[in-house]
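Engineer: I'd like to ask some things about the structure below.
Just so you know, all these numbers are worked out from the coordinates, no wet-lab data involved. Remember, predicted model here, so these are calculated numbers, not experimental data. Here the Cβ positions follow ideal geometry from the backbone for every residue, glycine too, while neighbour counts run over all protein chains shown.
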C-alpha cells in the first residue's frame, strides 16, 4: 500500500462515515418531530429521548464532517523527509517472528482509531497521543517495536515509512 492510496482510502472512508452520520441524524430528527413522539402522559418520555438522540446525532455529523474536510485538506502537504516517523506518516510493520499479517498505521491527529480495509490489508489511523502513536513517533526504518495486540505482545520491524 502506498501513501497516496492510503490517503485516498482514508478520505473515502471519512466521507462515507459523514454520509452515514448525516442519514442517521435525519432519521433521528424525523423520529423526534413525528406526531407519534408527542407525550401521551407525564410519564411518556419517548419524545424527549428522541430529541436528545437527534441532538447527539447532529453533533456527530458536525464532527464527522470536520474530520473529513480537515483530513482531505491537510494530509498531503505535511510529511517529513528525515526518514523518521512523524505526523502524516504511513508505516508498514512486519512481524519479526510470528505469522501475523502486516500492519499499516497512519499517524494522524484527525479521526484517530479509524480502521479500514483496502485490498485485504488493514489500515489504522493512530493519534500521536496514543501509546502506539508515542511508540512509533521518531522511529526509523529497520527499528523494532513491541505491540500488544489482543493481549499478546509481538515484536514488529518498521519495514517502510512513507
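Engineer: So what is Rg over Rh here for the chain, counting just Cα atoms and using Kirkwood for Rh?
Structural biologist: 1.14
Engineer: Compute the Cα gyration tensor for segment 1-77, then decide on rounded, prolate or oblate, letting a ≥ b ≥ c be the square roots of its eigenvalues: rounded whenever a/c is under 1.5, prolate when a/b is larger than b/c in the other cases, and oblate in all that remain. The partial results should precede the final answer.
Structural biologist: On the way: a/c = 5.19, a/b = 3.91, b/c = 1.33.
Judged from the Cα gyration tensor, segment 1-77 comes out prolate (a/c at least 1.5, a/b above b/c).
Engineer: Now for a separate question. Under a point spin-label approximation (7 Å from Cα along Cα-to-Cβ), what is the residue 99-residue 2 distance to one decimal in nm?
Structural biologist: Taking the simple label geometry, residue 99 and residue 2 are separated by 3.3 nm.
Engineer: Determine, from the Cβ-Cβ distance of residue 129 and residue 82 and an R0 of 22 Å, the FRET efficiency 1/(1 + (r/R0)^6), rounded to the nearest 0.05.
Structural biologist: Working: r = 21 Å, r/R0 = 0.96.
Efficiency, from the Cβ-Cβ distance: 0.55.
Engineer: Quick check: pseudo-label points 7 Å beyond the Cα along Cα→Cβ at residue 66 and residue 137, how many nm apart are they?
Structural biologist: 2.0 nm
Engineer: Place a label point 7 angstrom from the Cα of residue 146 along the Cα-to-Cβ direction, then list the residues of segment 81-96 whose backbone nitrogen is under 20 Å away.
Structural biologist: 93-96
Engineer: If a/c stays under 1.5 just call it rounded; otherwise compare a/b with b/c (prolate if a/b is bigger, oblate if not). Do that for segment 90-161, with a ≥ b ≥ c from the square roots of the Cα gyration tensor eigenvalues.
Structural biologist: rounded
Engineer: Given labels modelled 7 Å from the Cα in the Cβ direction, how far is it in nm from residue 45 to residue 73?
Structural biologist: The modelled label-to-label distance comes out at 4.0 nm.
Engineer: Full extension from residue 157 to residue 27: what is 0.36 nm times the residue separation minus their Cα-Cα distance, to one decimal in nm? Display every interim value, and only then the final one.
Structural biologist: On the way: separation 130, 0.36 × 130 = 46.80 nm, distance 4.60 nm.
The residue 157-residue 27 span can extend by a further 42.2 nm.
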